[in-house]
1. Could you check Phe332 against (1) in a loop (DSSP other than H, G, I, E, B); (2) in contact with a helix residue (DSSP H, G or I) (Cβ under 8 Å, 6 or more places away or on another chain) and say which number it fails?
2. Considering only segment 492-523, state which residues are surrounded by fewer than 17 Cβ atoms within 10 Å (Cβ to Cβ), under 24 Å from Thr67 (Cα atoms) and touching a Phe, Trp or Tyr at 6+ places or on another chain (Cβ under 9 Å).
3. From the list Ile424, Ile428, Ile463, Ile419, pick out the single residue that is touching a residue at least 40 places away in the same chain (Cβ under 8 Å), part of a helix (DSSP H, G or I) and touching a His at 6+ places or on another chain (Cβ under 9 Å).
4. What's the number of the condition Trp249 fails, among (1) surrounded by 14 or more Cβ atoms within 10 Å (Cβ to Cβ); (2) not assigned by the TED database to the domain that holds Lys95?
5. Given the conditions (1) surrounded by 23 or more Cβ atoms within 10 Å (Cβ to Cβ); (2) not in a loop (DSSP other than H, G, I, E, B); (3) not hydroxyl-bearing (Ser, Thr, Tyr), and given that Glu302 satisfies all but one, which numbered condition is not satisfied?
6. Could you tell me which of the residues Gly408, Gly404, Gly395 is small (Gly, Ala, Ser) and either free of Cβ contacts under 8 Å to residues at least 12 places away in the same chain or assigned by the TED database to the domain that holds Asn164 (or both)?
7. I want to confirm something. Restricting to segment 335-355 and keeping residues that are assigned to a helix (DSSP H, G or I) and in contact with a Gly (Cβ under 8 Å, 6 or more places away or on another chain), which single residue is farthest from Arg410 (Cα to Cα)?
8. Is there a residue in segment 137-155 that is assigned to a loop (DSSP other than H, G, I, E, B) and among the aromatic types (Phe, Trp, Tyr)?
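The values are calculated or read from the model by the stated rules, or taken from the named source; none is laboratory data. Everything numeric in this text was worked out from a predicted model, so none of it was measured. Note that each Cβ is placed from the backbone with ideal geometry, even for glycine, and that neighbours are counted across all protein chains shown.
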Amino acid sequence: MRPLADQISVHESVHSEQSCDTAQHGVKRLEAISSTWTRSGLAVAYIGIALLAFATSLEVQTTGNLTIFATSAFSSHSLVATVGVVQAVVLSVAKPPMSKIADVLGRFEAFTISIILYIAGYIQQAASNSVGAYAAAQIFYAAGSTGLQILIQIFVADTSDLLNRALCSTLPQLPFLFTVWIGPEVAQTVLRNFTWRLGYAIWVLVLPVAFLPLALALVINQRKAARRGLLPPSQFEGKSAWGVVKTIWYELDLFGLLLICAAFSLILIPLTLAAESGWDNSSLITMLAVGGVCLIAFPFWERSKTLAPRAFFPRDLFKQRTVVVGLALAFFYFMAFYLSIYPYFQSYLLVVHNLPVATAGKMVQTFTFSATVTSLVISFAIKRTKHYKSFVVLGSIIYLIGLGLMMGYRTEGSPLGVILATQIIVGIGGGMLNVPAQLGVQASATHQEVASATAVFLTILEIGGAIGNAISGAIWTNNVPQKLALYLPTETKSQAGAIYANITLAADGWPMGSTTRMAINRAYQETMTQILFVAVCVAAPCVVLSLFMKNYKLDEIDQHVKGLVIGGTQDIADRRESASVAGGSSRIQSEHLLGGNDDDDEDDDERRSLISRSRKRPS
């Protein structure tokens, strides 16, 4: 047990309480709505989260097996990494605006926007008539997808204490235990009996239905809070049109979000396009230069209290060592993921090991299955031990070892069981690393900051993935065509371009054992080994970084989350008093739902007394 003075110092340095006036409108609105939650209402909301998680995870497992066929339909299989980078860029840049919308407008409003964007992406993907249109559809699809991802994690943070948050954060991943096996079968059925377009179109109906329980739970509690007079007045009330524009400008930090979105987009997209067309294109150089300028300008804008009074990236948050280290961990972890599992592992299995679509899809998704199971086990372990750092360290080591084994054993002559085993090992490492690292970053934030902290973590995660995707695409593009031209026999050498562009031709055009097929397999194998070597190098820093995270005792950190939450304790008198206070500024701390702190009463009284005094000090 840490000395009591040290415990209080953690509260002072990490969670100095912000006044109600500093919270943004959406946060105040959420806290008012949270004060009306009942156990049954919260249960319905989590059922809605589970349905959304099941629908989106099944969609990912299905459509993830369709991408290579959609791009091949336009004779552009080689652009699968480019499509992935476009998607990853949007996944990166959409998280900050969506979390900011949730803080400013409210959680329900942000969820609704995400669902609309998601559906628009499905429609455009199903109707696309060129690879350009298909790639453009990723903008809407990825914006909706990343919106739901970040909002589900924010909702979990709003409705759970830190001790139970790892477990609650893992719950939306549980459907992957089933969908990783169902999705490839659905994709194969769609391809065999219909067309890849239907694989996207069906989700236009499925997703809104899955959203209904959560939407109803949020709306009902919102109305309940309104009837009790708990909702804060509109931030636009009594303001002129110009006043509304200024409020939106400052509250959303629009220029800061524009800078960060432009920086990531203009840097990441040219990196993958250059792999295809080279750096002779002056527009790519211009995009990269402008992106660099935006990236340099962004921190200066965010540090200005005059220009960005509601900066998306909280200034104090980045003084925390665990936050900086956690973000770096996320970056390298996901970069290595996109150099080992995606985007070309499935193509490799279809060609080099001659597997059917469903089997190859299941092999790829073994990582997701093992990572999900591991995350669930580790979440219970975190709840029991009340610490998270040791799991991050051990996970980083296992992740690196698994990637090393993958490089050695993902070969044409290796048995599928051995290749599968390397996937499982990497998945175990990823499951031990990802959720606890996110928890460490969230533990360094106050309730006002937790949405931004979560969004920053997931944004940096996706940026790492986008860069990994771009590197994979560059290696693939610069190696496979050259190796095909070098290894193909004379009679099929002229078809090197067609083989490179079409996965179906590469996998089914020639039988295993033929001279042409052996040449194709060799080109794929050598390129895959190069990609995996880079993955190992990228994952190595994770081990060192994990050692620098602070090992918070999670049950001693109070983020001042208000209302009914999973795992806290609540002062009933405060709850009753808050019912008469309008404006959503109640002092509700949390109601017991799944169990709280086990310390004895004397220690609790002393700790509460010291924390109460610490709150009076300037933050």
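1. Every listed condition holds for Phe332 apart from (1).
2. Thr504
3. On the way: Ile424 fails: touching a His at 6+ places or on another chain (Cβ under 9 Å); Ile428 fails: touching a His at 6+ places or on another chain (Cβ under 9 Å); Ile463 fails: touching a His at 6+ places or on another chain (Cβ under 9 Å).
Result of the check over Ile424, Ile428, Ile463, Ile419: Ile419.
4. All conditions pass for Trp249, except number (1).
5. All conditions pass for Glu302, except number (1).
6. The conditions single out Gly408.
7. Met335
8. Pass one, segment 137-155, residues assigned to a loop (DSSP other than H, G, I, E, B): none.
No, every residue in segment 137-155 fails to be assigned to a loop (DSSP other than H, G, I, E, B) and among the aromatic types (Phe, Trp, Tyr).
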